[in-house]
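Just below is one structure, and these are the notes that go with it.
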Amino acid sequence: MPVLSCTYSPHPSAILCLRKLFSTLVLLLLFSFSFPISSSASTDEHFQQVVKFLDAQDYLQAIELLHDLQGRVANPGQLDKLLAIAYLGRGYQLLASADLTASGESFQEGRRYNDEDIRLWQGEAMVRLKQGRYAEAVSLLDQAIGVNSQNASIYHLLGQAYYADGRMPEAVDALTEAVSLGAGDEVNLLLQKVQREWRFEQEMGQESRGHFQLSYVDGKQVAELAPRILETLEDAYTELGSELAYFPDIKVPVLLYLKRDFSAVTNSPDWAGGVYDGKIRLPLGGMHRMSEQLASVLYHEYMHVLVHFMAGRRAPVWLNEGLAEMAGRRLYSPPEHHLKMAMQSDKLLGWDTLAKSFSNLPADKVLLAYEQSYSLVSFMVDRYGWHKIPELLESIGRRKPWQDAIADVYQDYGSDWPAILKEWRANMSF
């Protein structure tokens, strides 16, 4: 039987690739049987229906019929590859809709029927990455490499898993292997990024506690501060997790840089006091003791971690930053001067603008963007309660447009996006 190759990802082009694969695989299976697959016209009809369901990407129906067919054919093992593909397709459908638990289970079930299909290993590894379970992702990808050691996409994903887990030398090795196997420019750029960061991190001291791995520029004062930083982050894990009813089983890398190194690594604007891009990155500045301002920054950045795992990258920036500001301002809350002036002069920023990255804003509008976002999100929490925020984030994470998600989550209050904005403006005290 010829080898069929089709790299899979939750992208429409990959779906098309699998659809082509289904038709070819079905024909190969039919011609490879040494005896008839069916013993009745009814069984033939069921089998043809399976093919139609697979071609239409109706994987649940295909799985149900295939399991029914297992009791009708002389050799149920002949259906294993079709079952594996059906579970593979279902797994990616669930992954795309952010149902991570069910997605992982589907990939696992698929491997029961064909553990040589590396896409099933790859799919579950993607689930574990999204869940922050990086070591499990690495283990799955190592096993995939045992099946096929010449697949560039597996080494690419392995490099991402090592990188997310803070295992920089291993990430460099995996991405280098991916490039040597023909991975494209995107992987080469990631390799260069990881190599650049690793040059800085090799000189850093490290300390770990609970859910955080701290790396910092070595120095007596910073080394003495490190336990307090980790303690504060664990406090954030508990307090903010209680607000959102979400306690991810993760180990978050936290890196403290010299100011010049922070700018070089993150390419962030001068006003940035921290960055979360899968790792919490902070400029050291004059940090030598735990202050209210530093604790506020740590809470702010950890809220970004929670939003990332609950909504992926789909949350509008005003919601993401508004929640982060709420987290930080419980420890240090400066006055909202810029919001007051904007309200009085009717020069608030547009919400479509605030849904996108603040790094694109003029520098003199950045503080207003944070204050405006904080004001609205704080109003929503005060008015409707914290318990609605996890619902909102999870709805957005399931790919629902954020305005539609707001309408769904707050419909019990008779509110939608325009109504919330109107009520927020009416309740402003400036």
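Hydrodynamic analysis of region 312-430 uses the Kirkwood radius over alpha carbon pairs. Inserted into Stokes-Einstein at 20 °C and 1.002 mPa s, it gives a translational diffusion coefficient of 146 µm²/s.
Using only the Cα atoms of the chain, what semi-axes does the equivalent ellipsoid have when each is the square root of 5 times a gyration tensor eigenvalue? Give whole Å, largest first. Before the final figure, lay out each step's value.
Details: eigenvalues 420, 161, 59 Å².
Values for the chain, descending: 46, 28, 17 Å.
The residues packed around GLN70, meaning those with a beta-carbon under 12 Å from its beta-carbon, carry a net charge of -2 if Lys and Arg are +1 and Asp and Glu are -1.
What is region 107-159 by shape, rounded, prolate or oblate, if you read a ≥ b ≥ c off the alpha carbon gyration tensor as root eigenvalues and call it rounded for a/c under 1.5, prolate for a/b larger than b/c, and oblate otherwise? Judged from the Cα gyration tensor, region 107-159 comes out oblate (a/c at least 1.5, b/c at or above a/b). In terms of the mean number of neighbouring beta-carbon atoms within 10 Å, the peptides 277-284, 90-97 order highest first as 90-97, 277-284.
DSSP finds beta bridges in region 203-305, and of those with both partners inside it, around 45 percent are antiparallel. Using alpha carbon centroids, what distance separates region 273-323 and region 45-108, in Å? About 41 Å separates the Cα centre of region 273-323 from the one of region 45-108. Of the beta bridges in the chain, as assigned by DSSP with both residues counted there, near 45 percent are antiparallel.
The HN-Hα couplings worked out from phi for region 107-120 by the Karplus form 6.51 cos²θ - 1.76 cosθ + 1.60 (θ = phi - 60°) are 5, 4, 5, x, 5, 4, 9, 7, 7, 9, 8, 5, 5, 6 Hz, whole numbers, x standing for Gly and Pro.
The dipole here belongs to the chain: it is taken about the Cα centre, uses +1 on the Cβ of Lys and Arg and -1 on the Cβ of Asp and Glu, and is about 600 debye. On the principal axes of its alpha carbon atoms, region 318-359 extends 30, 23, 15 Å, with the longest extent given first.
By count of other Cβ within 10 Å, fewest leading, how are LEU100, LEU298 ordered? All intermediate terms of the calculation are to be shown ahead of the outcome.
On the way: LEU100 19, LEU298 26.
Going from sparsest to densest Cβ surroundings: LEU100, LEU298.
Just so you know, the averaged projected area of the alpha carbon convex hull for region 203-305 sits at 6.2 nm².
Evaluated at q = 0.24 Å⁻¹, the base-10 log of the normalised Debye intensity for region 113-201, with identical point scatterers placed on the Cα atoms, takes the values -1.17.
Against the chain, whose longest principal axis comes from its Cα atoms, helix 220-244 is set at around 70 degrees.
Axis angle, to the nearest 10 degrees, between helix 152-164 and the longest C-alpha principal axis of the chain: 30 degrees. Ranking ILE63, SER375, GLN143 by how far each Cα lies toward the positive end of the dipole of the chain (charges on Cβ) leaves SER375 at the top. Amide hydrogen proximity for TYR257: with H placed 1.01 Å from N in the peptide plane, the residues at 5 or more positions away or on another chain lying under 5 Å are LEU282, LEU284. In loop segments of region 320-391 as defined by DSSP, the trypsin sites (Lys or Arg not before Pro) with at most 12 further C-beta atoms inside 10 Å of their C-beta are LYS347, LYS356.
Would you list HIS387, HIS46 from fewest to most Cβ contacts within 10 Å?
Taking fewest neighbouring Cβ atoms as first place, the list is HIS387, HIS46.
Of SER375, SER139, SER215, SER42, the sequence from fewest to most neighbouring Cβ atoms within 10 angstrom is SER42, SER139, SER375, SER215. What relative contact order, as a whole-number percentage, does the chain give when Cα pairs under 8 Å and 6 or more residues apart are counted? Relative contact order, the chain: 9 percent.
Bear in mind that the values in this text are calculations on the coordinates, not laboratory data. Because the structure is predicted, anything quoted here is derived from the model rather than measured. Using ideal geometry, Cβ is built from the backbone for each residue, glycine included, and neighbour counts are taken over all protein chains shown.
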